[in-house]
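Input: a single structure, listed below in structure tokens.
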Amino acid sequence: MTSNSSGAAMTIRQAMIDTAAEARTHLGDSLQAVRQFLRSRLDPIGAFCDREGRPDVYYTVFGIEAARATQMPLDLDQTAQFLDILEDGANLDFVHTAALVRCRADVGRPVESGWTDRILERIESHRSADGGYGPRPGDPVGSAYHNFLAVCVYQDLARKMPDPQGVADSLALLERAEGGFVLQPDAVHPAVPATAAGIVTLQSLGRPVREQTLDWLLRQCKAIGGFTAAPLAPVQDLLSTATALFALTQARVDIGPIRGRCLEFVESLWDTGGGFCGNWLDETVDCEYTYYGLLALGCL
């Protein structure tokens, strides 16, 4: 895990926000357009909206953190009231529970007594037999994504994760000899988002990352820029590109050789309305991909 200027450990969440904030140097006069787009996705109840225009806690993570990265003022008290409606998210799945926790950390308002314990009890119900965390309670094996989210949850709640070695052991089962992580053990080919998640998770746990894994991830950058989700995927996408660049820069890998082409790819997904599209086949802009656009630019 990286450290801030005071020497304290920095959470993955804060490292991503700080990186996304570096995008301001690339945006220049377009910064105001990004802020305007984000405002257009903000519901009066304090939540950011999904692609259908519905307030959503998952999209609120990206909206809040994109707003913070671009220094857009937010009424966090209003957002906290939206989060209060969700209480401890008893009906949410793992991903949306993690989003609720991350939003709470971003808002920085106190929660009721016992809230954290109830959240963590539900997270721990997803512990898999291999020591990691799976999508469903009782899953026999963990996934790279859910292992990553679990580490983020414990960091954002300032709680010590029980048996972090179990997560490292779970990730070891997902790593392939040629480098790269699969999302789940039955997958054939390594995936870029899974590999990025694995690298960042291992670093946050203070575990080493193999050079073969870093080399594999760097090699996935296409000649025309950007990363695909998997080697055989038809088109590069912004999520894979942003997470790959973030993982590589956090691991102190020199991305100089791919910087120019990645910058061109990210800029090609910019919409003049102030947001970013997910890939060349998707013309819809939303908070999630706008955040990933900022994260990618911040790495470059």
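All of the numbers you see were taken from the coordinates with simple rules; none came from a lab. Please read these numbers as outputs of a predicted model, since none were measured by experiment. Here Cβ is always computed from backbone atoms with ideal geometry, including for glycine, and neighbour counts include all displayed protein chains.
For the range 176-185, the criterion of being more than 19 Å from T213 (Cα to Cα) and surrounded by fewer than 21 Cβ atoms within 10 Å (Cβ to Cβ) is satisfied by no residue at all.
Candidates V57, V95, V141: the one that is β-branched (V, I, T) and surrounded by 20 or more Cβ atoms within 10 Å (Cβ to Cβ) is V57. Checking each residue in the range 222-245 for being crowded, with 24+ Cβ neighbours inside 10 Å and among the hydrophobic types (A, V, I, L, M, F, W, C) picks out F227, L238, A242, A244, L245.
Of the residues making up the range 14-30, those that are within 16 Å of Q155 (Cβ to Cβ) and surrounded by fewer than 18 Cβ atoms within 10 Å (Cβ to Cβ) number 1.
When the range 249-262 is filtered for residues that are free of Cβ contacts under 8 Å to residues at least 60 places away in the same chain and either within 22 Å of the chain's Cα centre (by Cα) or surrounded by 16 or more Cβ atoms within 10 Å (Cβ to Cβ) (or both), the ones remaining, listed by number, are A251, R252, V253, D254, I255, I258, R259, C262.
Going by what's in this entry, would G114 be described as under 26 Å from A80 (Cβ atoms) and either polar (S, T, N, Q) or more than 20 Å from the chain's Cα centre (by Cα) (or both)?
Yes.
For the range 221-231, a tally of residues being without any contact (Cβ under 8 Å) to a residue 40 or more places away in the chain and either under 16 Å from D254 (Cβ atoms) or not in a loop (DSSP other than H, G, I, E, B) (or both) returns 1.
Going through the range 52-86 one residue at a time, which ones are touching a Phe, Trp or Tyr at 6+ places or on another chain (Cβ under 8 Å) and more than 18 Å from A105 (Cβ to Cβ)? Hit for the range 52-86 is P55, nothing else.
When the range 281-291 is filtered for residues that are surrounded by 15 or more Cβ atoms within 10 Å (Cβ to Cβ) and free of Cβ contacts under 8 Å to residues at least 60 places away in the same chain, only Y289 remains.
Take the range 102-128 and flag every residue that is surrounded by 14 or more Cβ atoms within 10 Å (Cβ to Cβ) and small (G, A, S). Selection gives A105, S128. When the range 144-166 is filtered for residues that are closer than 18 Å to P208 by Cβ and within 18 Å of the chain's Cα centre (by Cα), the ones remaining, listed by number, are A144, N147, F148, V151.
A single entry from G206, G298, G260 fulfils the requirement of being at positive phi, out of contact with any Phe, Trp or Tyr (no Cβ under 6 Å at 6 or more places or on another chain) and outside any strand (DSSP E or B): G206.
Of all residues in the range 153-203, which are in a loop (DSSP other than H, G, I, E, B), over 29 Å from V235 (Cβ atoms) and not acidic (D, E)?
L157, A158, R159, K160, M161, P162, L173
The sole residue among F62, F37 that is within 18 Å of the chain's Cα centre (by Cα) and either of a type outside the set (G, A, S) or buried (at least 17 other Cβ atoms within 10 Å of the Cβ) (or both) is F62. Any chance the range 252-267 includes a residue that's in contact with a Lys or Arg (Cβ under 7 Å, 6 or more places away or on another chain) and of a type in the set (A, V, I, L, M, F, W, C)? Checked against the condition, which is being in contact with a Lys or Arg (Cβ under 7 Å, 6 or more places away or on another chain) and of a type in the set (A, V, I, L, M, F, W, C), the range 252-267 yields no hits at all.
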